[in-house]
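Encoded as structure tokens, the structure appears first; notes follow it.
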Amino acid sequence: MIGTRIRDRRLQTGTRQSELARHAGISPSYLNLIEHNRRKIGGKTLLKLAEALEVEPSLLSEGADAALVAALYEAAATSRRDDADLDRAEDFAERFPGWARVLAALHERNQTLERTIETLTDRLSHDPFLADSLHEVLSAVTSIRATSSILVETDALEPEWQARFHRNINEDSARLTDGAQILVRYLEGAADRAAEVQSPQDEMHAFLATRDFHTPELERRTAGPRDIDGLLQGADGQALSAPAQSLTRDVLLRYLADAQALPLRGFLSRVQEVGMRPDRLAEVTGADLARVFRRLAALPPDSVGPVGLAICDPSGTLVFRKPAPGFDMPRLAGACALWPLYQVMAQPNVPLRMRVRQTGRSDDPVLAMAVAATTGPAGFGRPALTRMHMLILPDPQGETGEQAGEVLDLGVSCRICPIQDCAARREPSILAEGF
Amino acid sequence: MDTTGKKVLLIEDEPNIIEAVSFILSRDGWDVKTHSNGHDAMETVRLRAPDLIILDVMLPGKSGTDILAEIRADADFADTPVLMLTARGQVKDRETAERAGADKYMTKPFSNADLLAAVRELVQA
């Protein structure tokens, strides 16, 4: 604020208010109003004040670094304190820019560390590969220890028992060697970002992410399963493990069916006509909502902006995840039970639309739309198969002027969620103590 | 203590651990029976009516913790001593086992002497 800067500069130079007012050709009472930001100034008055204070006029007229002020707001929001004096953030950044930068840098570092801890905790708590590998190693060690003790401590052990235990130790030491080598490779790879990809699901998602979840090869009118074979036989596809190839093929076959039902050019025209409104798009195209969700999430990113999509099966397992800005999706752990994705489980084909905000991720809400869709014909004596779909779009409130609805605060997954006293919590959070 | 004829049921899925533990306990005079999966473990408990159960936590079919809950829910075996074995040593696993009703908890790998001492202690108690 200009007035605050003028007052600060005047006090720094030891100039009296009346003296500065006289120099600028204004009354002391008017200068007082300016200094308390109750009058706007510019032009000659500003130039005269700047001259009297011996500073460049721009130093008085230009506010604090907007990015710095935004960082302060973000730090205040994530601290979840109500005594942060938000209305004085700009003032603080102007008067103490060095301290403000320190605070912003600490906030950024804090965010980075939180994410690192989330990743590591996620891996240690939920990574089935690591759990199985450790179990295998410890079982082999237990067997070797018990068996070798018998050989050493038992007097007059019968030859046939000796032979049997030697054989067992040999077998277990081979198991231990294999298990240790696998663990070492796994842990060595942890430092390598590429090694983050471990499960077939991760491989499949990485394959799709490198294409921004849009596959031009399958958008052609003549596209068919052979094009999927071509993709999987390419360098990226060859790098996938066999289970990941199988998963990717299934996802691409579904993509192909969606693309054939809602061809790209026509669908994009419809989107331009009715906007990012899946219900209207389903109406005008005759497609079901789940297909419209998937199609929107597969559009070229530069044509419609960020679109997130989560799909889960009836067990709640996320089988497809395309994160969106402001809305993260867990890789290994179960997702937050408050997600609209899970709320539609009980009512297939009844869509739900909510404004949601992931606590600790972003101050801005996003728009979440969810629907549970059956994936096969109904039949007696067999379970109904459903897939829950949730589309994530930027919150349109500001753009469309729609009636603002309530915003539901939710999390990513319990282990990394700071919400206290949550009725949906299934395990303690590592952030619960205000980390 | 005289262990002759005392029955121990070992529920564990690793064949070489089964062989080693069976050998150790048999040499100490225990009558050892074994079972290697989770889903029908309770039937073997009822069939063998052991004086002590050694139960691994991670079993195929059903977890050791779930089996322990079934044992404690059965009036005939609610007081049978149970020694839990696990490859995981975290505090929360110990607490889970104790809450489920385990009398003692041992983390793999363990020494044969410790195992024998634990078994003797539980049956004596």
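The values are calculated or read from the model by the stated rules, or taken from the named source; none is laboratory data. Not measured: the values here are computed from a predicted model. In this analysis, Cβ positions are derived from the backbone assuming ideal geometry, glycine residues included, and neighbour counts consider all displayed protein chains. The area values use the complete protein model at the heavy-atom level, side chains included, leaving out ligands, DNA and RNA. Shrake-Rupley method; radii C 1.70, N 1.55, O 1.52, S 1.80 Å.
Under a 5 Å amide H cut-off, with hydrogens placed 1.01 Å from N, B:V32 pairs with B:V8 among residues at least 5 apart or on other chains.
Ordered from highest to lowest accessible area with the whole protein assembly present and a 1.4 Å probe, A:R81, A:R39, A:R22 read as A:R22, A:R81, A:R39. A protection proxy built from the mean count of other Cβ atoms within 10 Å ranks the segments B:45-51, A:96-102, most packed first, as B:45-51, A:96-102. From most to least packed by mean Cβ count within 10 Å, the peptides A:347-359, A:244-256 give A:244-256, A:347-359. Is the C-alpha gyration tensor of the range B:1-92 telling us rounded, prolate or oblate? Criteria: a/c under 1.5 is rounded; beyond that, a/b larger than b/c is prolate, otherwise oblate. Oblate, since a/c reaches 1.5 and b/c is not below a/b. Per-residue mean of foreign Cβ neighbours for A:147-153 is 4 (Cβ atoms of other chains, 10 Å radius). Computed over chain A, the per-residue total of -39500 (n - 2.57) for DSSP H runs of n ≥ 4 gives a 222 nm mean residue ellipticity of -16500 deg cm²/dmol, rounded to 500.
Report the number of Lys pairs in chain B whose alpha-carbons are under 18 Å apart, with separation of 8 or more residues or on distinct chains.
5
On alpha-carbon atoms, Rg over Rh for the range A:192-266 using Kirkwood Rh?
Details: Rg = 12.6 Å, Rh = 12.7 Å.
Rg divided by Rh gives 0.99.
A 1.4 Å probe run over the protein chains yields, for the protein assembly as shown, 53 Å² of accessible area per residue, whole-number rounding. Solvent-accessible area lost on pairing A with B (1.4 Å probe, both sides summed) amounts to about 1800 Å².
Taking a ≥ b ≥ c as the square roots of the Cα gyration tensor eigenvalues, with a/c under 1.5 meaning rounded and otherwise prolate when a/b beats b/c, else oblate, which class fits the range B:39-125? Kindly include the intermediate steps, with their values, before the conclusion.
Numbers: a/c = 1.60, a/b = 1.18, b/c = 1.35.
Because a/c hits 1.5 or more and a/b fails to exceed b/c, the range B:39-125 counts as oblate.
Taking the Cβ of A:M345 as the center, what net charge do the other residues with Cβ under 11 Å away carry, scoring Lys and Arg +1 and Asp and Glu -1? Cβ neighbours under 11 Å give a net charge of 0. Of the accessible area of the range A:1-62, computed with a 1.4 Å probe over protein heavy atoms only, carbon and sulfur atoms account for 48 percent.
Based only on Cα atoms, what Rg/Rh ratio does the range A:233-336 have, Rh being taken as Kirkwood's radius?
Details: Rg = 15.1 Å, Rh = 15.3 Å.
My calculation puts Rg/Rh at 0.99.
Using the eigenvalues of the Cα gyration tensor, what equivalent ellipsoid semi-axes result for the range A:335-386 when each is taken as the square root of five times the eigenvalue, whole Å, largest first? Display every interim value, and only then the final one.
Numbers: eigenvalues 172, 22, 9 Å².
Ellipsoid half-lengths, sorted descending, are 29, 11, 7 Å.
Sorting A:E51, B:E95 by solvent-accessible area of protein heavy atoms yields A:E51, B:E95, largest first, with a 1.4 Å probe.
Across the accessible surface of the range B:1-85, with the other protein chains kept in place and a 1.4 Å probe, carbon and sulfur atoms take up 46 percent. Solvent-accessible area of B:D66, all protein chains in place: 80 Å² (probe radius 1.4 Å, heavy atoms, ligands and nucleic acids excluded).
Seen through its C-alpha gyration tensor, with square-root eigenvalues sorted a ≥ b ≥ c, the range B:1-42 comes out oblate because a/c lies at 1.5 or above while a/b is not bigger than b/c.
Put A:I169, A:I311, A:I182 in order of accessible area, highest first, and with a 1.4 Å probe you get A:I182, A:I169, A:I311. Relative to the dominant Cα principal axis of chain A, helix A:159-189 is inclined by about 30°.
From largest to smallest, the equivalent ellipsoid semi-axes obtained for the protein assembly as shown from the alpha-carbon gyration tensor read 62, 35, 22 Å.
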